[in-house]
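Enquirer: Sharing a structure here in structure tokens format.
The values are calculated or read from the model by the stated rules, or taken from the named source; none is laboratory data. Since the structure is predicted, the reported quantities are computational estimates derived from the model, not experimental observations. We place every Cβ from the backbone using ideal geometry, glycine too, and count neighbours over all the protein chains shown. Protein only, heavy atoms only, side chains kept; ligands, DNA and RNA dropped before computing areas. Shrake-Rupley method; radii C 1.70, N 1.55, O 1.52, S 1.80 Å.
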Amino acid sequence: MLRNMRNVGRTWVGKVVAGALFTLLILSFAVWGIGDIFRDGTSRTIARVGDTEITAEMARESYQNQVRRLSVQLGQPITPVEARAFGLDRQILSNLVTEATLDERARQLGISVSDQLVARSIMDDPSFQDASGNFDQGRFQQLLFSNNLSEQGYVAQQRDAIARQQIIAALAADISAPIAAMEAVHRYGAERREARFLILEDADAGTIPAPTEDELAAFHQENIGRYRAPEFRAATVLAIDPADLADPSLVSETQARSVYEQQGEARFGAPERREVQRIPFTAEQDAADAASRLAIGDVDFEGLASERGVADDVFNMGMMTRDAFLDPAIRDAAFALDAGDISEPVSGRFGHSLVRVVSVEEGQLRPFSEVEDEIRRELAVDQARDRMRDVYNEIEDQRATGRPLADIARERGFEPRLVDAVDAQGRDQAGNRVDVPRADTLVSEIFDSDIGIDNAALRTDDGGYIWFDVTGVEPARNRDLDEVREQVIADWRNDQIAERLREMASDMVDRLSSGDTLDALAEGTSGVVGEIGDLARGQSSEPLDDAAVNAIFATRVGEPGTAPLGETRRVVFSVESARATPFLTTTPAADTIGERLQGDIAEDMLTQFIAQLQDDIGVSINQEAYREAIGLDF
């Protein structure tokens, strides 16, 4: 599996390999074709690549492992239908056949991998190393267990993966991007253009007469897709979070006060802060001598720091709370002094010091009476989280009896959310967003379900659950003209304006090509000629949008052109000049271009190489046996 190619993935070649093998899905099936399906093997063999067999057990294990990993990433189990929607069945089969192809080639070439190399590749894998970069046997075993792998099985997979890497590394070795190609890529991105332009506004189209009924009917029919009503669904939704179950009255004052005493200063007030200065000493005796001088007034604290050449950022520690000190000894000394006092020599983690407190900013703490209700609510929610699973099981038991979700909700004191109509984009029939929890996911689940289906509950971010029932389906349909008459009239008018301006702009381009100037053409319009410079490919620049800029870059220097601008307007332009910075092969940008082109070339070569191998070796697939092996034979 691609998971086994992590070592080679540390280089750009490896990144190419990882991407290429995954994208070989489409190519592989194009090469195999339906006609390659064989039916004379046993049901335990789902594919054959040359002399290499891919068994049903291998396919089932790979598929289940990937489903398990995806479920962990999504935070909930995925169903076979969802797995198929993700394309996992096709991805797994493509990966297995691609690996088998490289394995078969490795055997043909007599490539073998020593035990020492396999061991070293495992020990060097960062996934199996501790914080110090050393191999951690316990972590190794834990990751194998979590991925449902035995040590023997993983070692065998790693041995095969290294053999594949040797083939791929040899194929991609010494690939270099042509300088001409690198320069072309550079110029494409670095090119800047200047243009003069004239914008044709709606008013330039003249008077648009009202449409006849026949014109409206014809326009409506020709553009019926614009006026198609999407499928709408009705649903009952019940969302319960721990906060909905929380009862602050069940939290005692003692419990709330305990939290206040533990967290009060940090949560409900500002801790005491002290402005602290420090003079460090290497020897304790030096610190003691300095303290004596300070005591008799021979020198002040700032003067002593200046004598010793203490840097300002060392001397002035700033306003400090208790938890801001790295050295506990300095902290304890600072918080034992009054403002203006100097400590005795302090022996701490970083040597010896004299500490002075310049000022004290008293801490402020809100009284317990002000925050008691807040603490009670939080504790109540925490307690409710422990009860949430019981509530889930109870509701699931009720749903198993076939009771309507709305009845279950009201029986428990909750008001269900009745969604009258929602489309696949989460909007109601008026085009407004429907207010439901986890809207994107829930709406998607509603459209993946149907009336009468017992749906799995969704989890909320706060540890709760969302249940839903689909209660109605209104199929997509084409709206009649009378339903959308005003919209059709507006669209027809805009189309008329856009067409008139297109014809007008086309005529202007012809006249510009014949020698007329933009300034002369602008006299008959409501616009004025503008100039714009430093245009970059693919980037809009007011008042020109992306389409207009792209049209300018698609037109030769010195030639005119036109492009739509928004829904109805049009721009006519002439490209005045183009320039690009010189291409220097010694710059970081050139290195980036070269690496990207090298990757593209390597990916193309690898794709063609594997396709040719599969054609030479021969690939046969029993789709029916594969579907049965992974549980999709339904």
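Enquirer: Residues to consider are Gly558, Gly538, Gly533; find the one that is part of a loop (DSSP other than H, G, I, E, B), touching a strand residue (DSSP E or B) at 6+ places or on another chain (Cβ under 8 Å), open to solvent by 30 Å² or more (accessible area, probe 1.4 Å) and more than 11 Å from Leu198 (Cα to Cα). Can you show your working first?
Expert: Values: Gly538 fails: touching a strand residue (DSSP E or B) at 6+ places or on another chain (Cβ under 8 Å); Gly533 fails: part of a loop (DSSP other than H, G, I, E, B).
Just one listed residue meets the conditions, Gly558.
Enquirer: Just to be sure, is Arg376 open to solvent by 50 Å² or more (accessible area, probe 1.4 Å), touching a Pro at 6+ places or on another chain (Cβ under 6 Å), closer than 27 Å to Glu261 by Cβ and modelled with pLDDT under 95?
Expert: For Arg376, the condition - open to solvent by 50 Å² or more (accessible area, probe 1.4 Å), touching a Pro at 6+ places or on another chain (Cβ under 6 Å), closer than 27 Å to Glu261 by Cβ and modelled with pLDDT under 95 - is not met.
Enquirer: Please determine whether any residue of segment 411-426 is on the phi > 0 side of the Ramachandran plot and small (Gly, Ala, Ser).
Expert: yes
Enquirer: Being under 47 Å from the mean Cα position of the chain (by Cα) and in contact (Cβ under 8 Å) with a residue 60 or more places away in the chain narrows it down to one of Asp373, Asp332, Asp390, Asp323, so name that one.
Expert: Numbers: Asp332 fails: in contact (Cβ under 8 Å) with a residue 60 or more places away in the chain; Asp390 fails: in contact (Cβ under 8 Å) with a residue 60 or more places away in the chain; Asp323 fails: in contact (Cβ under 8 Å) with a residue 60 or more places away in the chain.
Only one candidate qualifies: Asp373.
Enquirer: Could you run through segment 422-444 and say how many residues are part of a helix (DSSP H, G or I), open to solvent by 40 Å² or more (accessible area, probe 1.4 Å) and under 17 Å from Trp467 (Cβ atoms)?
Expert: First pass over segment 422-444, keeping only residues part of a helix (DSSP H, G or I): 439-444.
Next, from what is left, pick out any that are open to solvent by 40 Å² or more (accessible area, probe 1.4 Å): 440-441, 444.
If we keep only those that are under 17 Å from Trp467 (Cβ atoms) too, we end up with 441, 444.
Count: 2.
Enquirer: Now for a different question. Please determine, by comparing only the residues of segment 61-96 that are part of a helix (DSSP H, G or I), at pLDDT 80 or above and open to solvent by 80 Å² or more (accessible area, probe 1.4 Å), which one is nearest to Asp616 (Cα to Cα).
Expert: Selected residue: Arg90.
Enquirer: A further question on this structure: Hey, does segment 400-416 have a residue that's in a strand (DSSP E or B) and under 19 Å from Thr460 (Cβ atoms)? Can you show your working first?
Expert: Kept after step one, since they are in a strand (DSSP E or B), are these residues of segment 400-416: none.
No, that holds for no residue.
Enquirer: Follow-up. Could you list, in sequence order, all residues of segment 563-595 that are polar (S, T, N, Q) and in contact with a Phe, Trp or Tyr (Cβ under 6 Å, 6 or more places away or on another chain)?
Expert: Passing the criteria: none in range.
Enquirer: Just a yes or no: is a residue in segment 581-590 within 31 Å of the chain's Cα centre (by Cα), part of a helix (DSSP H, G or I) and in contact (Cβ under 8 Å) with a residue 40 or more places away in the chain?
Expert: yes
Enquirer: Sticking with this structure for a sec: Looking at Asp491, Asp480 in this structure, which one is farther than 30 Å from Pro416 by Cα and surrounded by 14 or more Cβ atoms within 10 Å (Cβ to Cβ)? Step through it out loud before you land on a result.
Expert: Values: Asp480 fails: surrounded by 14 or more Cβ atoms within 10 Å (Cβ to Cβ).
The unique qualifying residue is Asp491.
Enquirer: Show the residue pairs meeting these rules: Cβ distance below 6 Å; 6+ apart or different chains; first residue within segment 204-218 and under 15 Å from Gln487 (Cα atoms); second residue open to solvent by less than 90 Å² (accessible area, probe 1.4 Å).
Expert: Short answer, once both residue conditions are applied: Pro211/Trp492; Leu216/Val488.
Enquirer: Consider only pairs whose beta carbons are under 6 Å apart and that are at least six residues apart or on different chains; among these, list those whose first residue lies in segment 54-73 and is under 11 Å from Asn95 (Cβ atoms) and whose second residue is among the aromatic types (Phe, Trp, Tyr).
Expert: Note: pairs meeting the criteria are Ala59/Tyr626.
Enquirer: Give the number of residues within segment 230-246 that are under 17 Å from Ile446 (Cβ atoms) and in a strand (DSSP E or B).
Expert: 8
Enquirer: Moving to a separate point now. Can you name the residue in segment 446-477 that is touching a strand residue (DSSP E or B) at 6+ places or on another chain (Cβ under 9 Å) and in a helix (DSSP H, G or I) and, of all such residues, is nearest to Arg417 (Cα to Cα)?
Expert: Checked segment 446-477; the qualifying residue nearest to Arg417 (Cα to Cα) is Ile446.
Enquirer: Just a yes or no: is a residue in segment 551-565 charged (D, E, K, R) and modelled with pLDDT under 95? I'd like the intermediate steps shown before the answer.
Expert: To start, the set of residues in segment 551-565 that are charged (D, E, K, R) comprises 556, 559.
In the following step, the residues that additionally are modelled with pLDDT under 95 were identified as none.
No.
Enquirer: From the list Thr592, Thr586, Thr581, Thr568, pick out the single residue that is hydroxyl-bearing (Ser, Thr, Tyr) and crowded, with 17+ Cβ neighbours inside 10 Å.
Expert: After ruling out the rest, the residue left standing is Thr568.
Enquirer: Continuing with this model, one more query. Suppose the filter is loosely packed, with under 15 Cβ neighbours inside 10 Å and assigned to a helix (DSSP H, G or I); does Ala203 pass it? Give the steps one after another, and end with the answer.
Expert: On the way: loosely packed, with under 15 Cβ neighbours inside 10 Å: yes; assigned to a helix (DSSP H, G or I): yes.
For Ala203, the condition - loosely packed, with under 15 Cβ neighbours inside 10 Å and assigned to a helix (DSSP H, G or I) - is met.
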